[in-house]
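Participant: Here it is: the structure, laid out below.
The values are calculated or read from the model by the stated rules, or taken from the named source; none is laboratory data. Keep in mind the model is a prediction, meaning the values are calculated, not measured. Remember, those area values only see protein heavy atoms, side chains included, never the ligands or the DNA or RNA. Shrake-Rupley method; radii C 1.70, N 1.55, O 1.52, S 1.80 Å.
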Amino acid sequence: MPSRLGYEKVAMSTAASVAKLMGFRQERIEDLKTAIAEACINAIEHGNKLNDGLQVGVLLNAGEDALEIKVIDDGRGMKTLPPRPDIDKKIHGEEDPRGMGMFLIQALVDEAEWVAGANGKSSYVRLVVRLDPPNE
């Protein structure tokens, strides 16, 4: 998809449709939509540096009991994850309110992995959301 803010909504809607077909509960679908939006926005802003000449790839892999998503950009990736944000300081205006994306992603999905691409290209975040086991 184009590396332009607003297109994250396309990825959210598509993933939500796939998750619904797979039988995810609505609450999990909402978590998934938020995590994908954050990952796409990070790819657009940080990976592709708001260069709308670049693309963001979004791959969905619907498995038997999980949905795997990869959001791919042309950035170098990260060597280390940022420190956990201090939510109290952010709420009270003592810290920049931005910088919560990766924390949110990790809180909303079952697995999150950030992978730096070879030669500083095609870095991606891999997200996994598992279906709840059926009630017995």
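Participant: Taking a ≥ b ≥ c as the square roots of the eigenvalues of the Cα gyration tensor of region 22-79, is the shape rounded (a/c under 1.5), prolate (a/b larger than b/c) or oblate?
Facilitator: prolate
Participant: Still on this structure, please answer the following. List every residue whose amide H lies under 5 Å from the amide H of L131, counting only residues 5 or more places away in sequence or on a different chain, with H placed 1.01 Å from N in the peptide plane.
Facilitator: A66, L67
Participant: With the full set of protein chains in place, find how many percent of the accessible area of region 14-57 is carbon and sulfur; take the probe as 1.4 Å.
Facilitator: 52 percent
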